[in-house]
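Working notes, structure below.
Throughout, read-outs are computed from the coordinates displayed, never taken from laboratory work. Predicted model only: the values in this text are computed from it and were never measured. Note that each Cβ is placed from the backbone with ideal geometry, even for glycine, and that neighbours are counted across all protein chains shown.
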Amino acid sequence: MKAIMASFLVLGVAFVAPLAVAETGQLHTVSGSIQIKGTIVKTEGPKSRKEVVVYLEKVGEQAYPPPPTESALLDQKGLVFIPHVTAIQKGTTVDFLNSDTTEHNVFCADEVCMLVEDINSKKPKYLDLGNFAAGEKAGHTFARAGEAVILCKLHPEMAAYIIVLESPYFTVAEIDGTTQTASFSIDAVPAGEYVVRTWNKWCESTDQELEVGEDGASDLTIDMQRKQRKRRKRS
Ligand SMILES: [Cu+2]
């Protein structure tokens, strides 16, 4: 018995030591699941709200790596924006492409789409790429964080969402219509303290703090309920 105890002690020391000298600056994966509570999120058809942006914001100093130099792509195909929901880091360029044979337009009237040179103007201009023909592509760099609703003047039924984040630590998860759950995984997260936040058209979550250690973080659970403000509007 004494021999067994002794070997446990040795193991204990052996396991603790490498953690204590672990390198800083390593990147980790944060993963978990989302559960919809008390409501049903539509996941099919034009009223689908299945996309959930999950993102991590640093606690304290908001020091993030610079935005990627590669552009994100937002296609217009079959009179639909694809993808319907895109998440980007502030400073990322989005290329808008027309893959249809008909003309399209791209515009956005949200504050996040205000043109940088017009920020101090009394009549600021907003993102409007004009009409562009089949096969044409035009880019826009998003310089402010927030929610951008992207529309087409020629097809009022078309809409897409670009969620512009300060943080590069995000993913877009999709809710399963049957289980009303989603799983997610965010890669390349440095160790540190974060707040876990979400964006969805229909639901919201309560902010939760997360400490990402040397083993990353797994089994994170995010509960989402129907947005409160929509409920008030209806009553
Ligand atoms: Cu259009």
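Pairwise Cα separations in the range 72-163 fall into 10 Å bins from 0 onward with the following percentages, short to long: 18, 54, 25, 3.
Each peptide in 139-146, 218-225 gets a packing score, the mean of other Cβ atoms within 10 Å over its residues, and the list from highest to lowest is 139-146, 218-225. Ordering GLY91, TRP202, GLY135 by the projection of their Cα atoms onto the charge dipole of the chain, which places +1 on the Cβ of Lys and Arg and -1 on the Cβ of Asp and Glu, puts TRP202 at the extreme positive end. Dipole magnitude for the chain: computed about the Cα centre from +1 point charges on Lys and Arg Cβ and -1 point charges on Asp and Glu Cβ, it is near 1260 debye.
Each other residue within a Cβ distance under 12 Å of PRO67 adds +1 if Lys or Arg and -1 if Asp or Glu, for a net charge of -1. Each Lys and Arg contributes +1 and each Asp and Glu -1, all at the Cβ; summed about the Cα centre of the range 32-134, the dipole is approximately 480 debye. Please work out whether the range 144-195 counts as rounded, prolate or oblate from its C-alpha gyration tensor, where a ≥ b ≥ c are the square roots of the eigenvalues and a/c under 1.5 means rounded, while otherwise a/b larger than b/c means prolate and anything else oblate? Oblate, because a/c is 1.5 or more while a/b does not exceed b/c.
The sum of -39500 (n - 2.57) across all DSSP H runs of n ≥ 4, divided by the residue count of the chain, sets its helix-only mean residue ellipticity at 222 nm to -3500 deg cm²/dmol.
By how many degrees, between 0 and 90 and to the nearest 10, does the Cα long axis of helix 2-20 differ from the longest principal axis of the chain? Once rounded, one gets 40 degrees. Hydrodynamic radius of the chain by the Kirkwood approach over all distinct alpha-carbon pairs: 20.3 Å. When the GluC sites (Glu not before Pro) in the range 137-235 are filtered for DSSP coil states and for at most 12 other beta-carbon atoms within 10 Å of their beta-carbon, the remaining sites are GLU157, GLU214. What shape does the range 135-235 take by its C-alpha gyration tensor, where a ≥ b ≥ c are the square roots of the eigenvalues and a/c under 1.5 counts as rounded, a/b above b/c as prolate, and the rest as oblate? Oblate, since a/c reaches 1.5 and b/c is not below a/b.
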